[in-house]
Structure formats: C-alpha cells, structure tokens
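Report on the following structure.
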Amino acid sequence: MLVSLKPIMEYANKHNCAIGAFNCPNLESVEAIIGAAEEMRMPVILNYAEAHNNYIKIEEIGPIMLQYARKTSVPVCVHLDHGQTKEICMKAIRLGFTSLMIDRSADDYEENVRVTREITELAHSLGITVEAELGHIFTSEVGATEGADSQVKLTAEQAYTDPELARDFVKRTGVDVLAIAFGTAHGIYTQKPVLDLDRISQIKEKINIPFVMHGGSGLTKEEFQGAIRNGIRKINYYTYMTMAGARAVQETLAAAFDEPIMFHDLAIIARQAMKEDVKQAMSIFSGL
C-alpha cells in the first residue's frame, strides 16, 4: 500500500528499528526491493535519487515505483532522494510521490533553511513528508565528483551535524526527518569510517524527530545496530545492493564459457541477488 513516510517512521519508533530506503534506477531494483519487503513483511521506502537522472528519468521510473507501491500488501513510501532543486521536487509531487528530500546542505546555513522551509510548507499542504540534510555527508565512490582534496578542507567537527544548529534548523523549517552527518559516506569505503555514534544521541536530546543515515553501505551489523539504538530510523542503502546484482551476473557469465546467454536471464539473476541482499539488510535494520 502506498503511504507517506510518517506511518513508516511511526512503525520504526514503535519497534525501535530502522526502515531501509533503497534506490530504484531500473525495473529490476523495484521488483527486488518490493519482493524482499513482501517476504520480510516489513515496510519499505523506494527511493528515486536525482543523481540517477542519467540512468533513467523520474518521469519514466516514478510511475512504475508508484504502481508497485500501490499493489503490494506492505506499507511502501515512494521518496525523492537528494532532490537539489525545486524543479525536481515539483516533478516528484506531480507524479504522486508521498515523500521527498530537499538537499541544500551544500549551501550556506541560511539558504538551506530558506529553501527547505519553502519546500516543506508546500509539501505539507499536500500531505507529503519532507527530509532535509544538515552537515556534510561525503561521497567515497571511485570517480565521484567530490574528491579527497575537497573533503580534507573540513575537520570532523565542521562536517558533522551540530546538535544546537540541528534544533534551530528543525524549528525553522518544520521538516519531518533529518539526515545527519556522523561519519558515514556515500559509496564504497576506501578506508574505515570513524563513526561518532554519541553525536546521534546528542542531537536526539535537542530534537524529537526521526534521523536518517546516508552512506551506510559497508558498515558492520554492529555499527548499523549501534546507530539504530542511538536514534537512526531510516537508512539509505544502495551501493552494496547493486553490487550484489552485478556480482551475480559476473559469476554467471564466467561460468557460462561459450554457452549462449540471454540478457533477460541476466536481469532475472541480478534481481534475485539484489532481493537477497535487501532481505539481509532489512534483517539487520530490524534488529534480527
């Protein structure tokens, strides 16, 4: 069933767990995520990341995400991830997305507040939940546009979310959930992250809304569950899911030698591998 982020976050709070938000740049990923959620009997969040615009347009994959959300038996939120412009937020709203993230964390603080408040007021008038980001959650992927030279300019204290600033930000913007920076990074880790789990608790003392972890791929079960105990309620997860699909395809091709292989068979193989990876992630997020 299609729902906003609100009842899913209520479920997470009630069960002291986190709900996975998985990116959907193709049909196979949508099917894998929904299949995993149905088998696990867990709520789930389908993400469309604006960064995936080069793979597929929101106008193309969005209706498919919404169709699968409506027909499934578990609660599903269809969410815009890292929307950086008003234009992409409006596209998501018009398509019927039930939640969106306006990410202006790269702007100065007052501009982040201004744009986030504007989007939040519009979205709330339509019953749509809003996520924003405060702090700097870097990317660690090979070939990413934000490289090491730009990251080292900020100390950990400058990059991590400030608890007092978080309270002011939430009060002035009215957002429903907040993505916070405490040491994780998007993509494949090139070195072990240093997580400041106490910072989550410190922020939680200031504001009573759900927190979001971005850049969780590659963390251990203990690190995930430690973050959840401290207040994380939504976890964005994509890199290792899509790598699982690619690895299954690679293994199939390597084993086939000169045997003919059809592309549609590879898509099914990737879908099944991604579903199993999502199920494993959901088990960790739910505390199993």
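The values are calculated or read from the model by the stated rules, or taken from the named source; none is laboratory data. Since the model is a prediction, treat every value here as computed from it, not as a measurement. Quick reminder, even Gly has a Cβ in these numbers, built from the backbone with ideal geometry, and neighbours come from all protein chains shown.
At a glance:
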{"quantity": "Among (1) more than 18 Å from Gly216 (Cα to Cα); (2) without any contact (Cβ under 8 Å) to a residue 40 or more places away in the chain; (3) assigned to a helix (DSSP H, G or I), the one test that Ile56 misses", "calculated": "(3)"}
{"quantity": "In the range 269-288, the residues that are touching a residue at least 60 places away in the same chain (Cβ under 8 Å) and either farther than 30 Å from Arg229 by Cβ or touching a Cys at 6+ places or on another chain (Cβ under 8 Å) (or both)", "calculated": "Ala270, Arg271, Gln272, Phe285, Ser286, Gly287"}
{"quantity": "Single residue of the range 73-107 satisfying the filter (in a loop (DSSP other than H, G, I, E, B) and charged (D, E, K, R)) that is farthest from Glu118 (Cα to Cα)", "calculated": "Asp107"}
{"quantity": "Top-ranked residue in the range 157-182 [being closer than 14 Å to Asn112 by Cβ and β-branched (Val, Ile, Thr); ranked as surrounded by the fewest Cβ atoms within 10 Å (Cβ to Cβ)]", "calculated": "Val170"}
{"quantity": "Checking Ala123 against (1) of a type outside the set (Ser, Thr, Tyr); (2) touching a residue at least 24 places away in the same chain (Cβ under 8 Å); (3) more than 30 Å from Arg199 (Cβ to Cβ); (4) part of a helix (DSSP H, G or I), the condition it does not meet", "calculated": "(3)"}
{"quantity": "Single residue of Glu39, Glu31 found to be in contact (Cβ under 8 Å) with a residue 60 or more places away in the chain and surrounded by fewer than 19 Cβ atoms within 10 Å (Cβ to Cβ)", "calculated": "Glu39"}
{"quantity": "Verdict on Lys234 being under 20 Å from Met213 (Cα atoms) and not hydroxyl-bearing (Ser, Thr, Tyr)", "calculated": "yes"}
{"quantity": "Positions within the range 157-178 being at pLDDT 95 or above and within 19 Å of the chain's Cα centre (by Cα), in sequence order", "calculated": "Val175, Asp176, Val177, Leu178"}
{"quantity": "Selection status of Glu118, modelled with pLDDT of 95 or more and either in contact with a Phe, Trp or Tyr (Cβ under 6 Å, 6 or more places away or on another chain) or within 17 Å of Asp81 (Cβ to Cβ) (or both)", "calculated": "no"}
{"quantity": "Single residue of Ala37, Ala51, Ala21 found to be modelled with pLDDT under 95 and either part of a loop (DSSP other than H, G, I, E, B) or not β-branched (Val, Ile, Thr) (or both)", "calculated": "Ala51"}
{"quantity": "Within the range 213-288, helices (runs of 4 or more DSSP H) holding 2 or more residues that are touching a strand residue (DSSP E or B) at 6+ places or on another chain (Cβ under 6 Å)", "calculated": "263-285"}
{"quantity": "Count of residues meeting criterion [in a loop (DSSP other than H, G, I, E, B) and either modelled with pLDDT of 95 or more or more than 16 Å from Glu131 (Cβ to Cβ) (or both)] in the range 183-206", "calculated": "14"}
{"quantity": "Filter result for Ile61 (part of a loop (DSSP other than H, G, I, E, B), of a type in the set (A, V, I, L, M, F, W, C) and in contact with a strand residue (DSSP E or B) (Cβ under 9 Å, 6 or more places away or on another chain))", "calculated": "no"}
{"quantity": "Filter pass, Arg70 being free of Cβ contacts under 8 Å to residues at least 40 places away in the same chain, exposed (fewer than 15 other Cβ atoms within 10 Å of the Cβ) and not in a loop (DSSP other than H, G, I, E, B)", "calculated": "no"}
{"quantity": "Extreme residue, modelled with the highest pLDDT, among residues of the range 211-242 that are among the aromatic types (Phe, Trp, Tyr) and either farther than 24 Å from Tyr48 by Cβ or surrounded by 21 or more Cβ atoms within 10 Å (Cβ to Cβ) (or both)", "calculated": "Phe211"}
{"quantity": "Residue check, Ile56 among the aliphatic types (A, V, I, L, M) and more than 18 Å from Ile228 (Cβ to Cβ)", "calculated": "yes"}
{"quantity": "Some residue of the range 91-99 being closer than 18 Å to Val212 by Cα, crowded, with 20+ Cβ neighbours inside 10 Å and under 18 Å from the mean Cα position of the chain (by Cα)", "calculated": "yes"}
{"quantity": "Output for the range 230-265, where each listed residue is of a type in the set (D, E, K, R) and without any contact (Cβ under 8 Å) to a residue 60 or more places away in the chain", "calculated": "Arg247, Glu251, Asp258, Glu259, Asp265"}
